[in-house]
Each structure stands twice: as structure tokens, then as C-alpha cells.
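Novice: Below is the structure I would like to discuss, written out as C-alpha cells.
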Amino acid sequence: MQNSPNFIEVGFSLSTRTRKFHRSLNVGLLFFLASIVYQQSLAQYRFLENKSPLQVGEDTGFLLDTPTRIKIDLSGEWSFRIRGGPEGRVHLPAAADFTGEVSFERAFAISPDDFGKYQFHVVALGVNYTCGIWINGDFIASHSGGYSSFVVPIPDNVLQVGKENIIRVVTDNRLDAMRTIPLRHGVEGWRNYGGIYRHIYILGTPKIFISDVIATTELNADRTLAKVKVQPYLEGGTRADTAARRYQMSVELYDILSGSLVTAASPVWVRRQGDSWIVPKIECTVSSPKLWDLANPNLYSLRAYLVDAAARTNLDEYRIKIGVRKLEISGDRVVLNGVVQPLYGVVWYEDHEVYGSALPDVQMEKDVILIKSLGATAIRVAHHPPHPYMLNLCNRYGLLVLEELPVHDAPVRILSQDHFIELAGTMMKDMIVRDRNHPSVFSWGLGDELETSDSLARRFVAALVETARTLDARPVYYGTRLLTGDACSDLVDVTALTLLTTDPKVFRKKIGDWRIAYPQRPLLLGKVGVEVQPGNDNGYSDPLSEQAQARFFFQHIQPAREENVAGLFVWSFNDWRGDRPALIVNSGNAWLHTYGLVSSTREKRLAYDAVRNMFTGGKPLAVPMGRNPASSPIEFVLAGLVLLVGTAYMYNANRRFRENLHRAVLNTYNFFSDVRDQRIVTFMHSSFLGFAGAAGISIVLGSVLYRFRGNVGLDNFLSYVLVSDDVKAEMVRLIREPAMFLLVGTGVLVAVLVVVSLLVWALSPVFRARLYLYHAYAVTMWSTPPLLILIPVGMIIYRLLENPVYLTPTLLLMVVLLVWTFFRFLKALSIVMDAYPMKVYAFGLLVVAGMLAGVYLYFDYTQSASVYVSLLYNDLLSRLR
């Protein structure tokens, strides 16, 4: 019979198997946890992909395809590496929905036949904000400005023929409070998506190529004859090229619809002078031209040719689409082809819930169709140059465009700085050079809601206007909130005024006030809108309902029509995501601004139909009044009541607590002397008093914040103070949930009191005092009785704040009580430490002053606090006017 294993052998075998099982289990668990962490890191770094290839043909909006050129589409899969984050693969174009530096890389090939034939360039339609480009490890170029397209040549010795070439693009979308355009956004700004969010490709041109063509049109008085003036520009080649061959430029104009030749200009000779090409201006005439207007947006295809005169062959061809039209400002009216043209349109944000700022061409066309269906005549792009294809669509569908620099909410102390003016001037040049041939562009914008009440801003405005005038003849405008006191409006052709009021009477009065101040200037209402709470169908008595939004536009568009304003732009066509979590939003998502006629996924709201009826001259929609369920939050009253009852109970039921409270308030010196010499207060009494004082502050502060949760100035202030967006988002959530605010706020303040107690105990050796931790705790907590006054105040303050006149007294009362509590605390310290009072007062005030100075210097260094405090103050005054 076989021997069976003994007990020890069996135990050893089982323990070995158990250890192996545990080891495998632990390894598996580690892999599982690691995968969770990795997935969470990927979720934090989200890309919103476009998933569409580069559009080809003559419908691209920028650098149209011609027979003499080739394009290598770089859309598709790239590898990415996020600095301080994960790496992986992404389909470009894609909007990076996070802030930081990202390195993108992919391979492309160039055939040997093409290498000797073409000069290659990197063309990027949009990379935000800064980028550097390397090919095969060699640095090619850098670029700043997330919304301007750019073209950079690739040196021949960098490229590898017959092998894979590696292109690497490093992007960084971090914004600064002083030195970037746009500046770090406030709560009303747009989402600062990063990465390569528009198409990027390799363009192959001939060695000598047409780099640009400027076309302008002039109409005679009866609009029966048009003169087309064309200025081509050449680049490339060497002096030897001109010595060996002679070159000519010619221009032809084709009808877009029929494809037939309309007119052609006689060829002109070009010559080389030094490193530049001299090309004369070319002119041709068009009889009975088809005019571009909003009802019939007729277009022509202009083709410029570089010709080898001896061989009579086209060396390069450059195409643009133009429209023959006369657009001018006459008095206080906009005139298109001799007819007064009111500009009724929408503010359009290049943003979508699915794609972010990386909108596919198809989605942009759907947006234009929806806007055109409104009866709109214009679009104001918020607040930066759009994708060039968007302008191409506006050319085709017949919409005028207000296109502007991404300068938003800029303080005058920044506007007037030389480096900012220089950067803005470069961006202005990039915008105009790219888009000046589009007939849809009505005017160039310097920015929106600039601080132009100070004459220092004239430096910025004057410099940018001069730059625009040298490049194009279109009108120049900027957006402002100032009805009067604008120091720069005489420098521009048009002012886009933002009127933020929901009262139709006030709205009409402000229009009248502006006309009195500027009687001969066209009035454009640049942003007229109101927020809506998605899914709210309570009727227009609820100001956040969809019915209220629809009624708002009827009450504001109708007066604008009756006052014959030059234009009005509904704010906005679509919802958009902001860069800062905002307290002012009511969407349930702190980053989502719901001002749109359509949602971020383009679902129509009732206001869409209301605006369409107003734009097309129809009857206003009948919307139900419904009910307004808004009521004051009961949490503050209940919390105050509970605290009052609890304090009253402690006061009446506990003689010791009552006597100590009397002595702490009325005979402070003797009370704290007894605290120092003997334990006359209990831990429970001290804790209750500190808790009640903290709760009193939370009730008043919560009431004030909840009452003014729709105030933009308060919201921006919180963004400056709470540097972290995550912290700000949590604060927004707490302010909108009063019960949670009271719990968390009270807990945080109690924790602060405990920390102060620990600091007092730790610093007591400085005063050569032997202080026990319990004494430090008692001193801190029994310094807070003045804060008990805030409990009954907090119960009624929300109602009182319905009249803003009570805000200042409330804040002053809180400050007085806090100062009183602070000096009680210092006095108590001097008693229990047996120190000279003035020494303790001086030390305490120096500590507080040092802390405040440190906080101020930190915010001034990192966020230019002094500049933006001034801006917030002036902004508040302008909103109250």
C-alpha cells in the first residue's frame, strides 16, 4: 500500500499553493488598479475628434486646389504624448479638451518625382495656442495664435526622398493673464481647446510660385460695369531663374455656376529685383456683372497664372473666389449695392458638444443653413477668426460676417502695453491677409468688451486701426459695454454695443441714450441675449424658462427694429463651453453657457422659432405665462432657527455657560485671566461657541453668495481668488446647494479655528509663555461671541438683499464683527501669555498684514490682480449704468 503524505507535508503543500494564489491575486489586483488609474488619466485628457479628411477642390476656403499643386493630407492617426500625462494615438484634427503641452507625431512620404518638382510647405489651419514644428528632427518653425492659419516652407535638405518623413508638432494652449491673446479667460469666455484642432497638410507648389493674390472690385454708379483689380505676389526661385527665362502673369475670371470664361486681362511682365519679385497690378472689367448680395450671392472664380513666356506654359496657378459688390457705411446705415441693409444676425461660437472646436465641414454647413433659415443676414463670430471654410460657406449662402481678434475683456493697462499691441497687430495682419478676398466679410473687429473708458486705450485702438487700413478698406469695429464715456469710438467706423438688460423699457432708453451721444454713427447691438435653463417649460413668468427666452427676443428685437438700429446680433446661436467653471450659469453644468437658440448639439429651442418670426417679419409666438416656482432657500432660515434654539437652550439651561458668556463679553480681562489660571470653561462649551460662530458666518456668506449667484463680477472675482478650476467648480456646486454649503462652510471654518488654536500653542514660546493646548483652544473659541450676532442676521438677510441697498451694510457688519473678534482674540492672547498687549497687537497685525500682502503679491504676480480688480470695478459700474 502506497504511503500517504503526513500532516506536515500536506500543510506545507497547501501553504505553498495558498501563497502562489495570493501572489497571483495581488498581481492581478495591481494590474486592475493600474488599468483603472490609466483609464482615469485618459479621461482627464480628452480629445474631441473631427474624423473627416481634408476637403479637396475649389470649396476649401483657403489655398484652393489647382492643377499645378499637390496636397498631402495629414489628417488621420497621430501618436501623442502629453507632458506630465499619458501617451497614445488620436485621429487629427481633434480639439484637446484640457490645458497643457502635447507632442504629436506621424509619418508621411514624398515620391522622388515630386521632390524635384515642388517646393513643400506645412499648412496649418488652426493650432492652439503656440506650436513648434520639427521634420525629421530639424526645427522648421514656431507660431503663436490659436485661430490664425499659417504656411511655413520646408527646406529641401530636411526631407527624405523615398523614405518616411517624421513630422512632430508640439502644442501648448496655456494662456496668461498679461501676455497672450486671448488673455486667460473670465467666466464669460469661450473654451480654450488645444492641439491641432483644424486640418494640417503638406502643400507642394512649383519652385517659383504665387504666394498670394489680392482682388478688389469697383462698381460704377449704375452698377452696370465692374472693375476687378488684382495684385499677385510671387515667391521662390533665384536670380538665375530670371536670367534663363522670362515670366508673365495673367488673370481670368470664370462664372462659378456655368464655368464659362467671363473676362481675361492682358498678361503683364514680372521681374526680379534682389530677392523679391515685382508684379504689376492687373485690371480687367466685367460688363453687367452678377452682384453678390444676400439674396443672390453670386460668385466668380478668379484664376491667376504664372506663365513661362517662351514656352507658353503655366508654371503655377492660384485660385480664389470673389464677389462683386459695394458695401459701405452711409451715415448711420449699412448700404450694400446701393440698398440699406440692416444686419440682423447671431453670435456664432465655433463649439460643439461632440467635436469641441474641431467642427467638421458638414457640421459648419448645417449651422449656416440653420442660421440662414432664421432669416438672418449676418453672423458675428465669437470671438476670433473662424475656420476659413466657415467664410466660404457664408460666401455661398449670402451672410455678412463680423470677424474679430480674440481680445476679450482686456483691461486698459494691458491694452496699452507695447508687447500686447505688437502681438495684436501681428494677429490682425494674419486675419486680414487670410480672409480679405471673402465678399462675406463686412468688417474687422479689434476685440469685444474692451476697457476703452480710459484714453490709454487709444494707443491700442489707433495702432490696430492703422494696421487694418493699410491692408484692407473694410470698416473696423470693436465691442463695448459703454453707453457713454468711450474714449476711442471716434477712431473706428462702427461700435458693437453690448446691452445687458432684460427690461424692454430700459433697453429702449439705452438705445436712445446712445443715439444722443453718437447721432451720426451706425448702432450695432453686438450681443443681445438671455440664458435659458435647458428643459425648463414653466412659462415666461420663470425667467429661466424657454418661454421666457422666446419672449425676451420679441421684447428686444421689436424695439430695435422700431428704432432703426443698423444691426442686432442675438447672443447666441448655440450654447458653448467656457474655460472657467461659472456660478452665473443655470445649465446644471458649471462650464456650459446656455444662451443658444439651439443647444450645443444643435437641438432647436422655442426661441429659435421666435427669432425666425421676428427676423422674417412674422407674428410673435404666443407663449404661456405659466408659473415661477422660484422661492427663497429655506435652509438658511432653518439653520439659523436651529442655532438660535440651541444657543438659547445652552444659555438658559446651563448656568455656567451663561455666566461665562456674560463675563467673556462684558469682563474680558478677568474671564481670560481665569482661563489662564484655571479651567473655568469646558471643552464642550468652547466647541459649541466656535461652532455657532462658524455657522453664523456660513449662513450670512451663503445667503449673500446665493442671492448674487448671477453676478458676473462676483463670479470673476471667485475665479481670480480660487485659482484652481476644480476648487471653483466645487464652490459653484456648494453655493447652488445651500444645505451643503452650510455643512461644508461650517466645517471648514471650525477647522480654521482649530488650526489657529494649534498655531497659537506652537508660537507661544515666542512670547516665553507656557501655554497648554487646551488654553489655546479655549482662547480661540471664546473670542468668537460677536459672531453670534450673524445668526439672526443670516435668517433675514436673503430677503433684505432683494433690495441691493442692504448689501453694503451687511458686508460692513460682517467686517466689523470679524475685526472685533480678531482684536478680542489678540487681547485674549496677551492675557493668557502675560505679554504686553501692544506687543501682541503689533505682532498679530504684522502677521495679518504679511499674509494679506503675500496673497496680494502672489495674485498680482500670477494673475495681475491689481489690473483685473480695476477692470472688475469699472465693469460693475458699466453694468449699473
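Novice: If you rank Ser287, Ser572 by how much accessible surface each has, with a 1.4 Å probe, what is the order from largest down?
Specialist: On the way: Ser287 85, Ser572 0 Å².
Largest accessible area first, the list is Ser287, Ser572.
Novice: Report the gain in length on full extension from Glu87 to Val433: 0.36 nm times residue separation, minus Cα-Cα distance, nm rounded to one decimal. All intermediate terms of the calculation are to be shown ahead of the outcome.
Specialist: Values: separation 346, 0.36 × 346 = 124.56 nm, distance 3.66 nm.
So the chain would gain 120.9 nm between Glu87 and Val433.
Novice: Taking the convex hull of the Cα atoms, report for the range 364-476 its projected area averaged over all directions, in nm². Before the final figure, lay out each step's value.
Specialist: Numbers: hull surface 27.7 nm².
Mean projected area of the Cα convex hull: 6.9 nm².
Novice: Right, here's the next one. From the protein chains alone at 1.4 Å, what is the descending order of accessible area for Val123, Val354, largest first? Walk me through the numbers on the way to the answer.
Specialist: On the way: Val123 0, Val354 80 Å².
Accessible-area ranking of Val123, Val354, largest first: Val354, Val123.
Novice: A further question on this structure: So how compact is the range 444-520: Cα radius of gyration and Dmax in angstrom?
Specialist: When restricted to the Cα atoms of the range 444-520, Rg and Dmax are 13.3, 42 Å.
Novice: Can you give the net charge of the other residues whose Cβ lies under 11 Å from the Cβ of Leu583, counting K and R as +1 and D and E as -1? The partial results should precede the final answer.
Specialist: On the way: positive: Arg580, Arg709, Lys728, Arg733, Arg736; negative: Asp715.
With Lys, Arg at +1 and Asp, Glu at -1, the neighbours total +4.
Novice: Taking the Cβ of Arg605 as the center, what net charge do the other residues with Cβ under 11 Å away carry, scoring Lys and Arg +1 and Asp and Glu -1? It would help to have the intermediate numbers written out before the result.
Specialist: Working: positive: Arg602, Lys604; negative: Asp537, Glu546, Asp575, Glu603, Asp609.
Residues close to Arg605 contribute a combined charge of -3.
Novice: Let me ask something else about it. Give the label of the value calculated from the structure for Cα extents along the principal axes in Å, choosing from [x] 75, 69, 57; [y] 111, 106, 60; [z] 108, 61, 52.
Specialist: Structure-derived value, by its label: [y].
Novice: Using label points projected 7 Å from each Cα along Cα→Cβ, tell me how many nm separate Ser673 and Phe115, to one decimal.
Specialist: 9.7
Novice: Taking 8 Å as the Cα distance limit and 6 or more residues as the minimum spacing, I'd like the relative contact order of the range 562-661 as a percentage.
Specialist: The normalised contact order for the range 562-661 reaches 14 percent.
Novice: Taking 8 Å as the Cα distance limit and 6 or more residues as the minimum spacing, I'd like the relative contact order of the chain as a percentage. If you can, show how the numbers build up before the last one.
Specialist: Details: 1722 pairs, mean separation 76.4, N = 881.
It rounds to 9 percent for the chain.
Novice: Cα centroids of the range 160-184 and the range 192-242: how far apart, whole angstrom?
Specialist: 25
Novice: So, with +1 on the Cβ of K and R and -1 on the Cβ of D and E, and no other charges, what is the size of the charge dipole of the range 603-699 about its Cα centre, to the nearest 20 debye? Show your work: numbers first, answer last.
Specialist: Values: 11 positive and 6 negative charges, 43 e Å.
It works out to roughly 200 debye.
Novice: Now for a separate question. Mind pulling the angle between the C-alpha long axis of helix 418-435 and the longest principal axis of the chain? Nearest 10 degrees, somewhere in 0 to 90.
Specialist: 40
Novice: So, taking all protein chains as they sit and a 1.4 Å probe, how much accessible area belongs to Met833, in Å² rounded to tens?
Specialist: That residue has around 20 Å² of solvent-accessible surface.
Novice: Sticking with this one: Please give the helix 606-615 orientation as an angle from the longest Cα principal axis of the chain, in degrees from 0 to 90, rounded to the nearest 10.
Specialist: Helix 606-615 sits roughly 40 degrees off the main axis of the chain.
Novice: Okay, next question. Looking only at the chain, where both bridge partners belong to it, what percent of the DSSP beta bridges are antiparallel (to the nearest 5)?
Specialist: On the way: 106 of 138 bridges.
Roughly 75 percent of the beta bridges in the chain run antiparallel, per DSSP.
Novice: About the Cα centre, and with charges only on the beta carbon of Lys, Arg (+1) and Asp, Glu (-1), how big is the dipole of the range 291-438? Nearest 20 debye, please. Please list the in-between numbers first.
Specialist: On the way: 15 positive and 19 negative charges, 125 e Å.
Dipole about the Cα centre, nearest 20: 600 debye.
Novice: Still on this structure, please answer the following. At 222 nm, what value in deg cm²/dmol follows for the chain if DSSP H runs of at least 4 each add -39500 (n - 2.57) and the sum is divided by all its residues, to the nearest 500? Let's see the in-between values first.
Specialist: Numbers: 23 runs with 352 residues, N = 881.
Helix-only estimate at 222 nm: -13000 deg cm²/dmol.
Novice: OK, next. Using a 1.4 Å probe on the protein chains only, how many percent of the accessible area of the chain belongs to carbon and sulfur? Provide the component values of the computation, followed by the final result.
Specialist: Details: 22650 of 38690 Å².
Taking all protein chains in place, the chain shows 59 percent carbon and sulfur surface.
Novice: Under a no-solvent Debye model with one identical scatterer per Cα of the range 334-379, what's log10 I(q)/I(0) at q = 0.15, 0.31 Å⁻¹?
Specialist: At q = 0.15, 0.31 Å⁻¹ the computed log10 ratios are -0.49, -1.11.
Novice: While we're on this one: Taking the dipole about the Cα centre of the chain, with the C-beta of Lys and Arg at +1 and of Asp and Glu at -1, give me whichever of Ile414, Gly137, Ile697 is farthest to the positive side.
Specialist: Result: Ile697, furthest along the dipole toward the positive end.
Novice: Same structure again: Sort Lys728, Lys604 by accessible area with a 1.4 Å probe, largest first. Before the final figure, lay out the partial values.
Specialist: On the way: Lys728 0, Lys604 115 Å².
Sorted descending by solvent-accessible area, the residues read Lys604, Lys728.
Novice: How much net charge surrounds Pro93 when only other residues with a Cβ under 10 Å from its Cβ are counted (Lys, Arg +1; Asp, Glu -1)? Mind showing how you got there, number by number?
Specialist: On the way: positive: Lys51, Arg198; negative: Glu49.
Around Pro93, the charge tally is +1.
Novice: If you don't mind, there's one more thing I want to ask. Treat each spin label as a single point 7 Å out from the Cα along the C-beta direction, and report the Asp73 to Asp725 distance in nm.
Specialist: 3.1
Novice: Further question on the same structure: For a label point 7 Å from the Cα of Tyr858 along Cα→C-beta, name the residues of the range 714-732 whose backbone N is under 11 Å from it.
Specialist: In the range 714-732, the label zone of Tyr858 (backbone N under 11 Å from the point 7 Å along Cα→Cβ) covers 722-724.
Novice: State in Å² the accessible area per residue of the chain; use a 1.4 Å probe, count heavy atoms of protein chains only, and round to the nearest integer. Could you put the intermediate results ahead of the total?
Specialist: On the way: 38690 Å² over 881 residues.
About 44 Å² of surface per residue is accessible.
Novice: Next up: Under unit Cβ charges (Lys, Arg +1; Asp, Glu -1), what dipole magnitude, rounded to 20 debye, does the range 352-450 have relative to its Cα centre? Write down the numbers at each step before the final one.
Specialist: Details: 8 positive and 13 negative charges, 69 e Å.
Charge dipole of the range 352-450: 340 debye, to the nearest 20.
Novice: Test of understanding: extend the Cα→C-beta vector of Ala739 to 7 Å, then name every residue of the range 684-713 with backbone N under 17 Å from that spot.
Specialist: Within reach of a label on Ala739, which here means backbone N under 17 Å from a point 7 Å along Cα→Cβ, the range 684-713 contributes 699, 703.
Novice: Under a point spin-label approximation (7 Å from Cα along Cα-to-Cβ), what is the Val339-Ala107 distance to one decimal in nm?
Specialist: 5.8
Novice: Could I ask something else about it? Could you calculate the contour length gain from Val642 to Tyr774, that is, 0.36 nm times the residue separation minus the distance between their Cα atoms, to one decimal place in nm?
Specialist: Numbers: separation 132, 0.36 × 132 = 47.52 nm, distance 2.77 nm.
In short, 44.7 nm is gained.
Novice: Separate question: Under 17 Å from the 7 Å Cα→Cβ point of Asp537, by amide nitrogen: which residues of the range 616-634?
Specialist: Counting only backbone N, you get 622-629.
Novice: Further question on the same structure: Using only the alpha carbons of the range 535-661, what is the convex hull's orientation-averaged projected area in square nanometres?
Specialist: Numbers: hull surface 52.4 nm².
Averaging across all directions leaves 13.1 nm² for the Cα convex hull.
Novice: Going down the list Lys51/Lys326; Lys527/Lys604; Lys290/Lys604; Lys321/Lys429, which pairs span over 29 Å between their C-alpha atoms?
Specialist: Values: Lys51/Lys326 39 Å; Lys527/Lys604 20 Å; Lys290/Lys604 35 Å; Lys321/Lys429 20 Å.
Pairs exceeding 29 Å: Lys51/Lys326; Lys290/Lys604.
Novice: For the range 694-770, what does the relative contact order come out to in percent, with C-alpha contacts under 8 Å and a separation of six or more? Walk me through the numbers before you get to the answer.
Specialist: Details: 34 pairs, mean separation 31.7, N = 77.
That works out to 41 percent.
Novice: Continuing with this model, one more query. Nearest 10 degrees, 0 to 90: what angle lies between the long axis of helix 546-562 and the longest principal axis of the chain (Cα atoms)?
Specialist: Orientation of helix 546-562: about 50 degrees from the principal axis.
Novice: Taking the dipole about the Cα centre of the chain, with the C-beta of Lys and Arg at +1 and of Asp and Glu at -1, give me whichever of Phe62, Pro206, Asn652 is farthest to the positive side.
Specialist: Asn652
Novice: How much length is gained if the chain between Phe139 and Gln417 is pulled fully straight, taking 0.36 nm per residue apart and subtracting their Cα-Cα distance, in nm to one decimal? Don't jump to the answer; show the numbers that get you there.
Specialist: Working: separation 278, 0.36 × 278 = 100.08 nm, distance 3.08 nm.
Taking 0.36 nm per residue and subtracting the Cα distance, the gain is 97.0 nm.
Novice: Moving on to the next point. Which whole-angstrom value gives the distance between the alpha carbon centres of the range 513-566 and the range 405-471?
Specialist: 27
Novice: Can you spot the aspartates and glutamates whose alpha carbon is less than 15 Å from Lys227's alpha carbon? Ignore those fewer than 8 places along the same chain.
Specialist: In chain and number order, the partners are Glu218, Glu252, Glu283.
The values are calculated or read from the model by the stated rules, or taken from the named source; none is laboratory data. In this text, all values refer to a predicted model and were calculated from it rather than measured experimentally. Glycine also receives a Cβ, built like all others from the backbone with ideal geometry; neighbour counts cover every protein chain displayed. All accessible areas refer to the heavy atoms of the entire protein, side chains included, with ligands and DNA or RNA removed. Shrake-Rupley method; radii C 1.70, N 1.55, O 1.52, S 1.80 Å.
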